[in-house]
Structure formats: structure tokens, C-alpha cells
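Okay, so here's the structure we're looking at.
Read-outs throughout are calculated quantities, based only on the coordinates presented, and are distinct from any laboratory measurement. Please read all numbers here as calculations on a predicted model, not as lab measurements. Glycine also receives a Cβ, built like all others from the backbone with ideal geometry; neighbour counts cover every protein chain displayed.
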Amino acid sequence: MYHHILIPTDGSPLAGSAVEKGIALAKSLGAKVTVLTVVEPFPVLRGLPQSYNAPDEYTRRAHAEAEPRLAEAEQQAKQVGVPCEVVKVEHGEPYEAIIETAGARGCDLITMASHGRRGISALLLGSETMKVLIRTPAEGVGRDSRRLGLRID
């Protein structure tokens, strides 16, 4: 059925739950997983002095914070015997990084969490999950307000 599952995570508790469920799904299917985290670059601010080091510090910390979440996911997969690769990419648009990674790695399913925002909060805050859903040539195979699975065609 599915052979390679992409599981994006931002380190939130909700995403952590999606990682657990994605790994369990992979185990039941005999699939492998790729766990992805996206580090967003520091926003460009004009007019800052050249000696201003916030962008470098931000990037260093963002990459350092990503490492434990990937290591934890890799360990979870290893404990249940699921082949796992972890990927960290820097990208300004997480949904694009998710779609690009799925294509580049040959993933045939994406499992990810959704906060289930509606109304004005969805409009103002957006949803990476919704952006992936509407921009991926995929079929939704499992969807409720907290979980989403996409089959990549």
C-alpha cells in the first residue's frame, strides 16, 4: 500500500503525536519513514548595523533546537524497527519544503498534524497542513481536525 511515509514535525506536542502515529502506521504497513523538520531563516530586516549578529544567533539556535526533535523521532522509529531517515532543511516556506522533500525522497504518503483552526484564526495564522493539502497532487486518505494523511499520486 504505502512504502515511504514523510512525517513533518515542528517540535510541538501535536506534531509529536503525529510522529508517533506516523511511525506506528509505518510499522503496520512495513514502510520506512522520513522525519522532516524545517528551519525557517531569520527574517530580513533592513537598516540593521552590519555588526548585528541576531540572524546568526537565530540560525544557530534554530538548528540546535531541531536536532533533539529529529533524534527523538529517529529513536522512536528504531525502537519499533521502522527504518528512519531524518532531514533538516532551511526554507522560508515550510509547506514548500514538505512538498519538495516528499518528491525528492520518493514518499508516497505524508502524515502531519493540524491544529484544526477555523474562521479568522485560520485566515490570520494560516495552516502549513492546509497549504500542503491544497498544493500537493495527492488524495486525502485520513482527515479530521487533528490528523491528516496525504497519499502522493
| In a shell of Cβ-Cβ distance under 13 Å around PRO83, excluding PRO83 itself, what net charge do Lys and Arg (+1) and Asp and Glu (-1) give? | +2
| field | Under-5 Å amide H pairs with GLU90, H placed in peptide plane, nonlocal only | value | VAL39
| task | Just tell me which lysines come within less than 19 Å, Cα to Cα, of LYS21; anything on the same chain fewer than 8 places away is out. | result | LYS32, LYS78
| Per-pair calculated FRET efficiency, R0 = 22 Å: LYS88 and LEU14 via Cβ, rounded to 0.05 | 0.70
